[in-house]
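Right, one structure below, let's go through it.
The values are calculated or read from the model by the stated rules, or taken from the named source; none is laboratory data. Bear in mind the structure is a predicted one, so any value in this text is a computation, not a measurement. Here Cβ is always computed from backbone atoms with ideal geometry, including for glycine, and neighbour counts include all displayed protein chains. Accessible surface areas use protein heavy atoms only, side chains included; no ligands, DNA or RNA. Shrake-Rupley method; radii C 1.70, N 1.55, O 1.52, S 1.80 Å.
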Amino acid sequence: MTEDSQRNFRSVYYEKVGFRGVEEKKSLEILLKDDRLDVEKLCTFSQRFPLPSMYRALVWKVLLGILPPHHESHAQVMTYRKEQYSDVLHALEVIRFISDATPQVEVYLHMHRLESGKLPRSPSFPLEPEDEVFLAIAKAMEEMVEDSVDCYWVTRCFVNQLNNKYRDSLPQLPKAFEQYLNLEDSRLLSHLKTCSAVSRLPYDLWFKRCFAGCLPESSLQRVWDKVVSGSCKILVFVAVEILLTFKIKVMALNSAEKITKFLENIPQDSSDAIVSKAIDLWHKHCGTPVHSA
């Protein structure tokens, strides 16, 4: 039996006896031992399974290009990243854009603006919509990534991925949401249309902010595993599953304003189940990547 077939056999066995996560962790550890990390296989693993929390920051940094695939370069590259972080931070302090009292997420925003050539003349200038998105994502990321240098780089590269790799895809997600909701529950979609709510749903919160500020970080990071590793379409199925989960409540509301207000502040205690069902729904409609390790 080949190594791959042995690994696949073990995966099936562990899943049947309820220890699926054990085998997933072992498979990831095997991938992470390679001298040169296989980015494609790491992407595939992240698409198929939730990342163990102890490895999430490392995998995200590799997939987002913060760290190179070669292990031996990681320490040196992170030294450069820390130096760049310190240099930008110092520049903002010198021009008095930030102080010790500035909230950390705002520090990250000013750093990102400076590095992007979009720093306004004064920190008191009104925020642009894209700045609001950055702050929401940074605030959520703070709860997931402990180290401030890592948090800044992951937030910055995550936002850049949204603005570049997914630039053409994100505007298409509301249409895809409507399509898949119709397949799953056409009556629910008809109710939204009757209330003229379809065009007023919180798409910015769902798709531009990737549910930052909507789902708790413990559930959100499982969604972001998929976004970081190459699929922004997972966001559609999270939105669909939110509607399916709260169908009774939504069907009882008779105005677009009430529906939108509820969806912007959904109960948090159902979030883990929503994300699990959303991932299943995503696999159902979009298939499952072939690599298990």
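Are any residues in the range 45-81 of a type outside the set (A, V, I, L, M), part of a helix (DSSP H, G or I) and surrounded by 14 or more Cβ atoms within 10 Å (Cβ to Cβ), and if so, which ones?
Quick first cut of the range 45-81, residues of a type outside the set (A, V, I, L, M) only: 45-50, 52-53, 55-56, 60-61, 65, 68-74, 76, 79-81.
Right, trim to part of a helix (DSSP H, G or I) and you get 45-48, 53, 55-56, 60-61, 71-74, 76, 79-81.
Hits for the range 45-81 are Phe45, Ser46, Gln47, Arg48, Tyr55, Arg56, Trp60, Lys61, His71, His74, Arg81.
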### Query
Taking Ser122 and the conditions (1) over 28 Å from Trp206 (Cα atoms); (2) assigned to a helix (DSSP H, G or I), which numbered condition does it fall short on, given that it satisfies the others?
(2)
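Listed residues Leu119, Leu114, Leu92, Leu127; which is surrounded by 13 or more Cβ atoms within 10 Å (Cβ to Cβ), within 22 Å of Asn160 (Cβ to Cβ) and touching a residue at least 24 places away in the same chain (Cβ under 8 Å)?
Leu114 is the lone residue from the list that is surrounded by 13 or more Cβ atoms within 10 Å (Cβ to Cβ), within 22 Å of Asn160 (Cβ to Cβ) and touching a residue at least 24 places away in the same chain (Cβ under 8 Å).
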### Message
Just to confirm my filter: which helices (runs of 4 or more DSSP H) fall fully inside the range 222-293 and include at least 2 residues that are closer than 25 Å to Ser53 by Cβ and free of Cβ contacts under 8 Å to residues at least 40 places away in the same chain?
### Response
234-245, 271-286
### Task
Please give the number of the condition Ser196 fails out of (1) open to solvent by 70 Å² or more (accessible area, probe 1.4 Å); (2) in contact (Cβ under 8 Å) with a residue 40 or more places away in the chain; (3) not in a loop (DSSP other than H, G, I, E, B).
(3)
### Summary
When (1) farther than 15 Å from Leu263 by Cβ; (2) touching a Ser or Thr at 6+ places or on another chain (Cβ under 7 Å) are applied to Arg200, the one that fails is (1)
### Task
State all residues of the range 27-42 that are of a type outside the set (Gly, Ala, Ser) and open to solvent by less than 30 Å² (accessible area, probe 1.4 Å); if no residue qualifies, say none.
Leu28, Leu31, Leu32, Leu37, Leu42
### Some residue of the range 141-153 being more than 25 Å from Pro103 (Cβ to Cβ), more than 17 Å from the chain's Cα centre (by Cα) and β-branched (Val, Ile, Thr)
no
### Message
Just the residues that are basic (Lys, Arg) and within 17 Å of the chain's Cα centre (by Cα), please, taken from the range 247-281.
### Response
Lys277
### Lone qualifier among Asp225, Asp280 - being under 23 Å from Lys25 (Cα atoms), among the charged types (D, E, K, R) and surrounded by 20 or more Cβ atoms within 10 Å (Cβ to Cβ)
Asp225
